[in-house]
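Participant: Encoded as structure tokens, here's the structure I'll be asking about.
The values are calculated or read from the model by the stated rules, or taken from the named source; none is laboratory data. Because the structure is predicted, anything quoted here is derived from the model rather than measured. With ideal geometry, Cβ positions are generated from the backbone for all residues, glycine too; neighbour counts draw on all protein chains shown. Heads up: the accessible areas ignore ligands, DNA and RNA and are worked out on the full protein's heavy atoms, side chains in. Shrake-Rupley method; radii C 1.70, N 1.55, O 1.52, S 1.80 Å.
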Amino acid sequence: MKLGILCGGGPAPGINSVISAATIEARNSGWEVIGIHDGFEHLIDGPPQVDTLEIGDVSRIHGLGGTILGTSRANPTKNEEYLQACVRALKELQLDGLITIGGDDTAFSATRLAEEAGGTLKVVHVPKTIDNDLPLPGGQVTFGFQTARHVGVNLVTNLLTDATATKRWYFVVAMGRTAGHLALGIGKASGATVTVIAEEFPAGPIPLKHVADILETSMLKRVTHGRPFGVAVIAEGIGERLPEDELAEAAPDIERDEHGHIRLEELNLHRILADVVSKRFKERGEKVTITAKNIGYELRGAPPIPWDIDYTRDLGWGAFDHLRMLHEGDSREAGAMITLHDGNLEVLPFGSFNDPKTGRPMTRLVDLNSTTYKVATEYMIRLKREDIEDPKALKAIAAAAGMSTETFKERYGYVAGGDVS
């Protein structure tokens with residue numbers, strides 16, 4: 001029997017641990033194992049680039065960041081020709097099972113490969129993403145998230161120390177294309193001054209002005225506290241929801257990846273917001289220093305913390321175990337995603353976690369009604385309804401902006417939410 005393993009999408013802490021666990025268990029069960037390099041890329045354009053994996057090759061890689069197999073965003077579902085090329089390449093490799101490791105795009109590709117192969121290839125997907133945006137049972141986080149948050153908290157804590165010493169602001173953009181779990185988790189655990197995520201805005205485009213208003217009023221409120229410095233954490237997914245005209249103006253030549261996603265690292269949302277807000281303060285004759293930072297690659301390339309190693313060993317073992325049971329006559333679906341729920345493996349058949357409207361994996365967003373989000377906002381310094389309704393607080397913040405209370409309320413009152421008329 002022969003097993004293939006590949007990784008798709010961006011790196012995440014714990015990939016090597018999945019590879020290690022699956023390979024060791026497969027080898028101990030008498031299977032041959034090959035590692036497929038660079039995701040689907042060479043399956044599409046050929047020839048496949050593979051290495052035989054022995055236990056000695058993987059026994060000590062579980063604590064390493066990155067992936068020994070490499071990864072790419074090559075998309076086999078881009079057209080029928082690509083999909084058929086992948087299926088042919090996998091058949092030529094004479095695989096009895098394939099484990100894919102990746103996020104929502106890779107999960108969708110794995111689903112389509114299993115369908116195209118017509119049951120001749122058994123495919124098991126292991127969900128990974130530091131964005132934590134896949135709808136796993138019981139609210140289980142995706143692997144890589146805990147490590148990314150841990151590293152992000154250390155970085156932001158250091159920036160908070162520097163901000164206090166130098167009396168400056170940091171605008172920090174954290175990864176999270178669609179969901180704000182990582183930005184919120186980093187901001188909450190580090191005690192960042194304010195965190196802004198895409199979910200808090202109404203559906204549709206997010207005007208840059210609205211985001212800038214939230215940041216500016218947070219800074220003004222800090223001025224009234226005698227602490228004109230801090231760190232704002234911003235979810236990168238806000239950039240993908242900028243109105244088309246603002247996006248075109250901010251990054252006219254921005255590229256998209258193989259899955260059609262904007263390359264958000266090229267947008268430089270952190271610098272755009274820093275420039276906009278800095279200009280507002282300078283126009284009032286006020287001195288402010290805002291340093292823009294993007295923490296993305298530092299997080300996804302980190303070595304996994306013990307929590308993620310433990311978790312991914314379970315997932316790697318479980319992925320192979322599912323394949324083994326299928327070949328021993330188990331009646332479960334040949335194509336599935338492996339997850340953990342209450343400490344036990346749970347197999348989700350392909351399609352069961354898809355959005356019926358799009359046919360793609362559903363996205364798990366931050367629940368704004370949850371206690372987790374409520375507590376996070378309670379400890380942020382940002383303009384709130386009580387600031388608008390308290391004449392003393394309103395007067396102080398308006399004065400910091402060089403405005404009358406009525407002018408400030410008219411201009412910025414909407415940021416506080418609710419009816420502030």
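Participant: Can you tell me which of Val126, Val194, Val173 is under 21 Å from the mean Cα position of the chain (by Cα), at pLDDT 95 or above and closer than 14 Å to Ala12 by Cβ? Explain how you work it out, then say what you get.
Facilitator: Numbers: Val194 fails: closer than 14 Å to Ala12 by Cβ; Val173 fails: closer than 14 Å to Ala12 by Cβ.
Being under 21 Å from the mean Cα position of the chain (by Cα), at pLDDT 95 or above and closer than 14 Å to Ala12 by Cβ holds for just one of Val126, Val194, Val173, which is Val126.
Participant: Right, something else. I need the helices (runs of 4 or more DSSP H) fully contained in the range 150-259, keeping only those with at least 3 residues that are within 16 Å of Asn294 (Cα to Cα) and open to solvent by less than 50 Å² (accessible area, probe 1.4 Å).
Facilitator: Here the list reads 181-190, 237-240.
Participant: Residue by residue through the range 115-136, note down the ones that are open to solvent by less than 20 Å² (accessible area, probe 1.4 Å) and either part of a helix (DSSP H, G or I) or more than 17 Å from Thr363 (Cα to Cα) (or both).
Facilitator: Once the filter is applied, which keeps residues that are open to solvent by less than 20 Å² (accessible area, probe 1.4 Å) and either part of a helix (DSSP H, G or I) or more than 17 Å from Thr363 (Cα to Cα) (or both), the range 115-136 yields Ala117, Leu121, Val123, Val124.
Participant: Sticking with this structure for a sec: Would the range 324-333 turn up any residue that is modelled with pLDDT of 95 or more and either open to solvent by less than 20 Å² (accessible area, probe 1.4 Å) or assigned to a strand (DSSP E or B) (or both)? Steps first, answer last, please.
Facilitator: In the first step, residues of the range 324-333 are kept if they are modelled with pLDDT of 95 or more; the result is none.
No: zero hits.
Participant: Also: When residues of the range 10-31 are filtered for being surrounded by 24 or more Cβ atoms within 10 Å (Cβ to Cβ) and at positive phi, how many remain?
Facilitator: 1
Participant: Could you say which residue among Gln84, Gln94 is on the phi > 0 side of the Ramachandran plot, surrounded by fewer than 21 Cβ atoms within 10 Å (Cβ to Cβ) and touching a residue at least 24 places away in the same chain (Cβ under 8 Å)? Steps first, answer last, please.
Facilitator: Details: Gln84 fails: on the phi > 0 side of the Ramachandran plot.
The unique qualifying residue is Gln94.
Participant: Sticking with this one: Being under 22 Å from Thr371 (Cβ atoms) and of a type outside the set (A, V, I, L, M, F, W, C) is the filter here, so list the residues in the range 151-177 that pass it.
Facilitator: If the condition is that a residue be under 22 Å from Thr371 (Cβ atoms) and of a type outside the set (A, V, I, L, M, F, W, C), then Gly152, Gly176 are the ones that fit.
Participant: Shifting gears a bit: Looking only at the range 288-304, how many residues end up being open to solvent by 20 Å² or more (accessible area, probe 1.4 Å), under 17 Å from the mean Cα position of the chain (by Cα) and not charged (D, E, K, R)?
Facilitator: Residues in the range 288-304 being open to solvent by 20 Å² or more (accessible area, probe 1.4 Å), under 17 Å from the mean Cα position of the chain (by Cα) and not charged (D, E, K, R): 4 in total.
Participant: Kindly list the number of the only condition in (1) surrounded by 17 or more Cβ atoms within 10 Å (Cβ to Cβ); (2) assigned to a loop (DSSP other than H, G, I, E, B) that fails for Leu340.
Facilitator: (2)
Conditions (1) at pLDDT below 95; (2) open to solvent by less than 30 Å² (accessible area, probe 1.4 Å); (3) within 37 Å of the chain's Cα centre (by Cα), marked per residue:
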| site | (1), (2), (3) |
| --- | --- |
| Val375 | no, no, yes |
| Glu378 | no, no, yes |
| Ala398 | no, yes, yes |
| Met403 | no, no, no |
| Gly418 | yes, no, yes |
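Participant: Would you confirm, using the coordinates I've provided, whether Val277 is assigned to a helix (DSSP H, G or I), open to solvent by less than 10 Å² (accessible area, probe 1.4 Å), at pLDDT 95 or above and out of contact with any Cys (no Cβ under 7 Å at 6 or more places or on another chain)?
Facilitator: Values: assigned to a helix (DSSP H, G or I): yes; open to solvent by less than 10 Å² (accessible area, probe 1.4 Å): yes; at pLDDT 95 or above: yes; out of contact with any Cys (no Cβ under 7 Å at 6 or more places or on another chain): yes.
When the stated conditions are applied, Val277 passes them.
Participant: Taking Gly10 as the residue in question, decide whether it is in a loop (DSSP other than H, G, I, E, B) and in contact (Cβ under 8 Å) with a residue 40 or more places away in the chain. Explain how you work it out, then say what you get.
Facilitator: On the way: in a loop (DSSP other than H, G, I, E, B): yes; in contact (Cβ under 8 Å) with a residue 40 or more places away in the chain: yes.
Taking the combined requirement at face value, the residue satisfies it.
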